[in-house]
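The values are calculated or read from the model by the stated rules, or taken from the named source; none is laboratory data. Quick caveat: nothing in here was measured; it's all calculated off a predicted structure. Here Cβ is always computed from backbone atoms with ideal geometry, including for glycine, and neighbour counts include all displayed protein chains. Please note that ligands, DNA and RNA were not included when accessible areas were found on the heavy atoms of the full protein model with its side chains. Shrake-Rupley method; radii C 1.70, N 1.55, O 1.52, S 1.80 Å.
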Amino acid sequence: MFFKVLFYLVSLGIVGLTLITALSPNIIRSVFSLLGVMIGVACLYGIMGSQYLAVIQIMIYVGGIMVLFIFAVMFTSKIQNVEITNRSLGKVQAGIISLAVFLMLVFVILYFPFSQENMGEHQSVERLGKVISTDYLPFLLGIGIILLVSLVGAITIARPKKGED
Amino acid sequence: MEYLLLLIPILPLVGSMINGTIGYFIQKRYGGEVNGIIATSTISISFLIAVYLFISLLNQPVEDRKILLNLYNWVFAGSLSVDFELIMDPLSALMVLVVSGVGALIHLYSIGYMHSDKSQWRYFSYLNLFAFSMLILVMADNLLLMFVGWEGVGLCSYLLIGFWYQDIDKAVAGMKAFITNRVGDFGFLIGLFFLIAGIRMVEGEGGVVSLSFGYLREISERLSGVHFGSFGLLTIVGLLFFVGATGKSAQIPLYVWLPDAMAGPTPVSALIHAATMVTAGVYMIARLNFLYVYSPLALTVVAVVGALTALYAATMGFAQTDIKKVLAYSTISQLGFMFAAVGSAAFSSGVFHLMTHAFFKACLFLGAGSVIHAMSGEQDIRKMGGLKNRIPRTYYTFLIASLAIAGVPGLSGFFSKDEILYRSFMSAYGFMGVWGYIVFFLLIVAALCTAFYMFRLVFITFYGSEVRAGEEVVHHIHESPRSMTSVLIALSALSVIGGYVGLPEIFGVHSGLEGFLSPVFEESSRILNVPSSHTAEWIIMLLSVGAAVVGIYGAYRIYYINGYDGAKPIRERIAPVHYIVENKYFVDEIYNLVVIDTVKIFSYLLSQFDKYVIDGIVNLAGRITVVFADLDGIIDKYIVDGLVNIVAQGIKFIGERMRGLQTGRIQDYVYIMVSGGFLGLILIRVLIYFMNR
Amino acid sequence: MEITIRETLLIAAFLFSSGIFMILTRQNAIAILMGVELILNAVNINFVAFDRFLFDRVDGNVAAIINIMLAASEVAVALAIVICIFRSLKTAETDRLDSLRG
């Protein structure tokens with residue numbers, strides 16, 4: 001009961017913040033509300049029993065990625081009210097297609113016969129660790145390599161050119 | 001032995017081929033005389049063979065005097081079957097002897113006469129070719145083969161008349177001969193078609209039509225029953241064949257080519273236009289006697305036309321001043337006599353006169369050639385005279401021949417002409433009625449005229465003390481070489497003795513010639529049943545002698561006593577008449593106007609038609625094609641190219657519109673991707689839904 | 001009452017749609033990348049939801065973890081690119097980034 005209420009509260013928060021993210025003309029506001037979305041999602045993970053994932057979410061997404069976003073925004077945008085829509089695609093068309101997609105998904109979700117027999121309530125860290133290091137070891141290692149590569153790549157791309165300021 | 005028959009015409013043909021192909025080189029290397037020798041030898045050998053065959057014929061009994069040689073079946077077309085068949089019967093034997101004998105003499109004469117000519121090889125080739133054609137003509141055993149020879153001699157006549165073709169007048173004379181001849185041949189052909197039609201009617205559907213003389217003789221009686229409308233077949237055929245004869249043998253109305261034919265070398269005139277080719281018409285009628293006897297009408301026409309021609313042509317001799325032209329008209333006149341003879345059903349008489357005429361006319365022509373040769377080419381008798389003692393051999397032979405043609409008793413011409421006069425008179429009591437009298441009268445007067453103009457010629461040409469030509473010419477006068485004078489002598493001798501083969505019955509002997517020819521003519525004569533009368537024969541003989549005497553005396557009075565221009569006072573008195581006669585009654589001019597100008601107008605009209613109408617149509621077609629081509633060009637340019645351009649532009653248009661999709665903005669692409677994906681999913685769902693139904 | 005899977009998935013769907021909306025609409029390059037982040041998060045929620053409510057396994061969590069890592073590296077590179085663009089064009093408006101046009 002408690003979790004349900006909590007769930008609904010968190011959900012509400014997520015929805016609201018998402019709306020702000022999508023519709024706000026102010027880019028900073030947008031970034032920060034996205035930050036809030038991330039936190040909300042982390043809470044959601046916690047409610048659903050994946051505490052470890054929630055922490056990971058906070059650490060990486062909020063602490064890393066969103067900070068990166070903020071830095072990027074600081075570097076590049078003029079902090080003023082720029083129109084959110086571009087010239088060729090208006091709000092309407094985008095709205096239609098998004099709505100269409102949303103409705104389709106809703107339709108599927110509501111009418112799919114989910115069978116809730118096996119509920120994994122306990123998703124302990126041990127289980128996670130065991131699986132990730134045996135069944136999915138290659139992925140784990142791969143991820144490491146990818147991170148390294150992207151690190152190098154990002155630095156290379158963003159490096160100031162010779163003779164340039 | 002029959003193959004000897006083939007040899008007779010083939011030898012001259014071979015000679016003609018030799019001279020025609022390598023003759024030029026022979027002449028260049030060895031001289032023209034060799035060409036002449038080649039030509040003369042071929043025809044002389046033919047003559048000898050003919051003599052041999054003639055003798056062997058005489059050794060046969062009268063009914064059997066016939067040698068046939070059938071070489072092969074020449075024409076085989078439907079029901080018409082014609083063979084290449086040669087015959088030697090009394091008539092053809094006689095003709096062959098005359099043609100090859102006189103022909104050989106003339107070939108010999110030509111060697112001397114043409115000795116300075118550049119193209120002797122051509123001359124002798126043509127001459128031999130003529131001999132070949134003429135021999136085929138007289139030796140053919142059917143009408144078609146005879147017609148081949150008929151055409152062949154016409155061709156050679158053209159070739160030889162126009163021998164010196166570099167002179168346009170001479171070439172034109174050759175053409176005139178050929179074309180006039182052709183007109184006659186056209187009539188002949190129509191007659192031939194009628195004959196074939198008639199034979200088919202008689203023979204019925206399945207029968208074979210042959211044109212051989214033996215066959216025709218057999219069915220002649222049946223043919224006489226065939227009629228086209230109110231005209232008998234044989235009358236039509238006879239008249240049409242006679243049209244051909246008038247062309248070939250220079251009778252009214254197709255004689256006009258003969259005087260102009262004097263443009264050819266004199267030996268040619270002697271051979272072709274005196275002795276042989278022109279007699280083809282007479283021979284033809286004689287050969288077809290069994291057809292003609294069934295048509296008294298045709299015979300009458302032949303006789304009347306012949307007699308008219310005889311007198312008409314004789315009058316021309318009064319005013320002509322070219323020695324050869326006088327002889328030309330004389331030939332036409334004598335041919336008229338021959339036709340009058342055969343027209344009176346006196347076939348053997350006609351052939352007899354043919355033979356004697358060949359002798360003395362050839363002699364006269366060759367003598368004229370000799371005179372011309374002596375006078376360095378002069379042919380106008382007003383510029384001659386005084387030649388009697390200067391070229392004696394020529395003079396004496398000429399004189400003898402003139403006496404013969406005038407009908408002086410004792411010489412050949414007298415016998416043959418007399419027979420014609422008698423027979424034509426008697427035909428009045430046979431089938432010709434009053435026409436017979438008319439014919440006889442015309443002939444008597446013509447005989448008188450003949451004597452007159454011939455001796456006019458003799459007196460003007462040879463008599464007088466002075467030669468009326470320039471110094472140069474007179475100085476050059478000389479007798480002709482042996483090769484020429486020997487021929488003259490031979491011919492004049494024949495002119496004398498040639499008549500004794502045909503002595504009339506009143507002298508108590510049977511005419512040898514008539515007897516000889518009887519197998520050919522006997523039957524026909526019996527059909528027509530012309531009576532005979534010794535009394536009439538004597539009277540007529542006297543009359544003909546009288547005519548000859550009067551004629552000669554008249555010429556003597558005018559031209560000997562009064563000199564060469566003794567006719568001057570007479571001429572002045574009848575100036576208009578003389579003018580007409582001198583200009584040959586303006587017949588040539590009339591023909592020119594009536595016939596030739598008409599043809600010219602017609603051909604001009606046709607050429608204009610061709611130029612404007614036909615060429616116009618062609619040009620129009622051309623222009624229409626151009627219009628269509630332009631149209632095609634336009635179509636191609638605008639429609640075809642247009643289509644191509646439209647396609648290209650359409651694609652360009654679509655491309656440009658499509659370009660708008662490539663905005664370069666990622667968001668637009670994302671939009672498309674999302675929409676596409678979304679729609680795809682919907683589609684799959686729908687498909688699944690329908691598949692599960 | 002329990003939390004149903006449907007509700008969770010609905011949230012995820014909402015996030016997904018919003019992410020699409022953001023991608024299609026915003027003309028700031030960084031905003032677009034934020035949209036991508038939203039989508040990735042929606043996916044992660046899905047993974048976790050399936051794990052929690054449908055199977056008694058942790059594979060979904062693993063997928064979510066890997067997803068987060070990938071998102072991190074991808075954002076790093078993407079933002080580096082954006083900075084680069086900003087350096088040359090002095091603007092981050094996607095409207096201007098149309099050299100692929102035509």
I'd like to check something: does the range B:646-656 contain any residue that is within 14 Å of chain C (Cβ to nearest Cβ) and open to solvent by less than 100 Å² (accessible area, probe 1.4 Å)? yes
So residue B:75 ticks every box in (1) over 25 Å from residue B:498 (Cβ atoms); (2) over 24 Å from the mean Cα position of the chain (by Cα); (3) hydrophobic (A, V, I, L, M, F, W, C) but one. Which box is left unticked? (2)
Output the qualifying pairs, or none if there are none: Cβ atoms under 6 angstrom, residues six or more apart or on different chains, first residue in the range B:407-423 and farther than 14 Å from residue B:533 by Cα and free of Cβ contacts under 8 Å to residues at least 40 places away in the same chain, second residue open to solvent by less than 10 Å² (accessible area, probe 1.4 Å) and of a type outside the set (Ser, Thr, Tyr). none
If I filter the range C:26-34 for residues that are over 30 Å from residue C:89 (Cα atoms), in contact (Cβ under 8 Å) with a residue 12 or more places away in the chain and either more than 7 Å from chain A (Cβ to nearest Cβ) or buried (at least 24 other Cβ atoms within 10 Å of the Cβ) (or both), do I get at least one hit? no
Looking only at the range B:257-311, filter to residues that are open to solvent by less than 10 Å² (accessible area, probe 1.4 Å) and not in a helix (DSSP H, G or I); which one of those is modelled with the lowest pLDDT? B:276
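With respect to residue B:218, determine if the residue is open to solvent by 10 Å² or more (accessible area, probe 1.4 Å) and either within 24 Å of residue B:155 (Cβ to Cβ) or not in a helix (DSSP H, G or I) (or both).
Working: open to solvent by 10 Å² or more (accessible area, probe 1.4 Å): yes; either within 24 Å of residue B:155 (Cβ to Cβ) or not in a helix (DSSP H, G or I) (or both): no.
No, not satisfied.
Could you tell me whether residue A:92 is open to solvent by less than 30 Å² (accessible area, probe 1.4 Å), more than 9 Å from chain C (Cβ to nearest Cβ), within 30 Å of residue C:24 (Cβ to Cβ) and modelled with pLDDT of 80 or more? Explain how you work it out, then say what you get.
Details: open to solvent by less than 30 Å² (accessible area, probe 1.4 Å): no; more than 9 Å from chain C (Cβ to nearest Cβ): yes; within 30 Å of residue C:24 (Cβ to Cβ): yes; modelled with pLDDT of 80 or more: yes.
Criteria not met by residue A:92.
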From the option list B:10, B:22, single residue qualifying as among the aliphatic types (A, V, I, L, M) and under 30 Å from residue B:192 (Cβ atoms) is B:10
Residues B:57, B:105: which one is among the aliphatic types (A, V, I, L, M), more than 19 Å from residue B:211 (Cβ to Cβ) and free of Cβ contacts under 8 Å to residues at least 60 places away in the same chain? B:57
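Just for the range B:345-395: of the residues that are among the hydroxyl-bearing types (Ser, Thr, Tyr) and closer than 17 Å to residue B:327 by Cα, which one is surrounded by the most Cβ atoms within 10 Å (Cβ to Cβ)? Reasoning before the result, please.
Start the filter on the range B:345-395 by keeping residues that are among the hydroxyl-bearing types (Ser, Thr, Tyr), which leaves B:348-349, B:356, B:370, B:376, B:394-395.
Checking which are closer than 17 Å to residue B:327 by Cα leaves us with B:356, B:370, B:394-395.
Numbers: B:356: 26, B:370: 28, B:394: 26, B:395: 21.
Once the filter is applied, the top-ranked residue is B:370.
So that you can scan it fast, the table gives a plain yes or no per residue for (1) open to solvent by less than 10 Å² (accessible area, probe 1.4 Å); (2) at negative phi; (3) among the aliphatic types (A, V, I, L, M):
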{"position": "B:57", "(1), (2), (3)": "yes, yes, yes"}
{"position": "B:63", "(1), (2), (3)": "no, yes, no"}
{"position": "B:74", "(1), (2), (3)": "no, yes, no"}
{"position": "B:77", "(1), (2), (3)": "no, yes, yes"}
{"position": "B:84", "(1), (2), (3)": "no, yes, no"}
{"position": "B:107", "(1), (2), (3)": "yes, yes, no"}
{"position": "B:118", "(1), (2), (3)": "no, yes, no"}
{"position": "B:132", "(1), (2), (3)": "no, yes, no"}
{"position": "B:144", "(1), (2), (3)": "no, yes, yes"}
Confirm whether residue B:639 is more than 13 Å from chain C (Cβ to nearest Cβ) and more than 60 Å from the chain's Cα centre (by Cα). yes
Starting from the range A:22-43, take each residue that is within 9 Å of another protein chain (Cβ to nearest Cβ) and list its partners that are among the aromatic types (Phe, Trp, Tyr), counting only C-beta distances under 9 angstrom and pairs at least six apart or across chains. A:22/C:21; A:23/C:21; A:31/A:69; A:34/A:69; A:38/A:61; A:41/A:61
Within the group B:560, B:612, B:604, B:638, which residue is open to solvent by 70 Å² or more (accessible area, probe 1.4 Å) and either within 25 Å of residue B:458 (Cβ to Cβ) or not in a helix (DSSP H, G or I) (or both)? B:560
Which listed residue, of C:71, C:13, C:78, is in contact (Cβ under 8 Å) with a residue 24 or more places away in the chain, surrounded by fewer than 24 Cβ atoms within 10 Å (Cβ to Cβ) and more than 7 Å from chain A (Cβ to nearest Cβ): C:78
Of the residues that make up the range B:429-438, is at least one over 15 Å from residue B:492 (Cβ atoms) and among the hydroxyl-bearing types (Ser, Thr, Tyr)? yes
Just the residues that are open to solvent by 40 Å² or more (accessible area, probe 1.4 Å) and touching a Leu at 6+ places or on another chain (Cβ under 8 Å), please, taken from the range B:225-238. B:227
